[in-house]
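Structure first, then comments.
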Amino acid sequence: MASKNNKTNKTTAKEWIIGIIVIALIIAVCSTLIWVILKNHDKHADEQASEQQQAQQIEGLDKLYKYPSAKDTETEGGYYNIANTGIGVSVDMSKVSAQIDKYEYKDFAKTDKETDFVNIAVAGYGDIVIALRSDIAPKTVANFKKLVKNNFYDNTLIDKIRTSAKAEKDEFVPISIQGGTRNANGTSKTTDKIIGEFTQNGWANNLQHVKGAISMARSADRDSATSEFFFVQKDNLDLNGLYASFGYILAGMDVADSIAKCETKKTGEDRLHSPSKNIVIYDMFFVEPVKNTGLAVSEKPNTDTAQYTIKFVDEAGAAIQSVRFKMTDTQSNATVVEVYSNAAGTATFNIAPSDYTLKVISAKGYSVSNTAYELAKGTTTMTVTLKKTEAQS
């Protein structure tokens, strides 16, 4: 009888253990389900918050200036009157600075034509109007205009704020704001690479990186620029010759300043921050200056320049890169342009046709003493052969 009771007790104990295990499993499954539900709820809430934030930014569009149409407004034309600021490599930065941020939105009218003036509408912030300098960086400007015309920049982000050496939020000084390669939903946009039109890449570009200038971002590859651009927020002349500046702000510097002062979060790079909330370029379109601004002409101005191409090779015919040289006016001995040869050993620039003297300043590993070459008016190409120094031969 006792043996039977012992068996019954063991069976009951086993059932209790199994029951406890089953209950524990049920509790674990229920806890997991509750965790998943709560996580999905939080994710949904975050998505709703993001959507609400985006909606609020779009609602901010009613603060943007409502441009009149060029069809209903008397305008000066679509071509920038570069005669007022100097042409090509002869650009006069004092005259350029006198035009940066000196105009208002009422000085422009929206147009369906391709012009040298572009409006950048930033949701919740306002409009920035820029002048494009095709006489200084023709390939860069042509690429930018193509992207504007194809609505490439619409609903993209200004997603980078680069600062000075002090990276702490309360101390940093914004030196540039950057965007043009990410959609508002965060996905990347890509387009073709273009040649870097800056001095150390063999293209004479004298448009300096002063506050209000617009320039192309790139990687270490000098010909890697695509659609990403940046506005200079603080004079940064160290960038001169290293990046392709191609225009500047005529109206709306206050908008760029407001963007630069937005709340930010740190990225992996010490001096690079990103806005805490999306800053969306809602629209980008061409405009024309209205009458009496003096900014434009109705017909493309005669720049009266010619494209010069200089190539440097060694005695075996191999290209020599990073040759620094200058072109001086033969009569006045005034320096017209100073530039470097690119990776292919060439340098290209636009200057007024004249009699010039080419003087080599430096070429690492090559003899440059007494190297001066004459280019008579009408001669726009030249190949220069340099000899290696004795230490390199």
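The values are calculated or read from the model by the stated rules, or taken from the named source; none is laboratory data. In this text the structure is predicted, and so the values were computed from the model without any measurement. Using ideal geometry, Cβ is built from the backbone for each residue, glycine included, and neighbour counts are taken over all protein chains shown. Note: accessible area is taken over every heavy atom of the protein model, side chains too, but ligands, DNA and RNA are not part of it. Shrake-Rupley method; radii C 1.70, N 1.55, O 1.52, S 1.80 Å.
Probing with 1.4 Å while keeping every protein chain in the model, the per residue accessible area of the stretch 171-256 equals 35 Å². Each listed q (0.09, 0.17, 0.18 Å⁻¹) maps to a log10 I(q)/I(0) for the stretch 83-206 from the Debye sum over equal C-alpha point scatterers, namely -0.33, -1.24, -1.35. Using the Cβ-Cβ distance between Asn302 and Glu390 with R0 set to 45 Å, the FRET efficiency works out to roughly 0.35.
Lys265 to Gln331: FRET efficiency via 1/(1 + (r/R0)^6), r the Cβ-Cβ distance, R0 56 Å, to the nearest 0.05? Plugging the Cβ-Cβ distance into 1/(1 + (r/R0)^6) gives 0.45. With Cα atoms defining each centre, the stretch 225-240 and the stretch 249-308 are spaced 11 Å apart in the structure.
For the stretch 174-300, with all protein chains in place and a probe radius of 1.4 Å, 43% of the accessible heavy-atom surface sits on carbon or sulfur. Panel values: the stretch 216-276, Kirkwood radius from alpha carbon pairs, Stokes-Einstein at 25 °C and 0.890 mPa s, translational diffusion coefficient 181 µm²/s. Kindly flag which residue pairs out of Lys189/Lys261; Lys145/Lys189; Lys110/Lys149; Lys71/Lys110 have an alpha-carbon separation exceeding 19 Å in this structure. Correct reply: Lys189/Lys261. Surface exposure of the stretch 266-385, expressed per residue as accessible area with a 1.4 Å probe, stands at 50 Å². Other residues within the sphere of radius under 14 Å centred on the Cβ of Glu114, judged by their own Cβ, net out at +3 (K and R +1, D and E -1).
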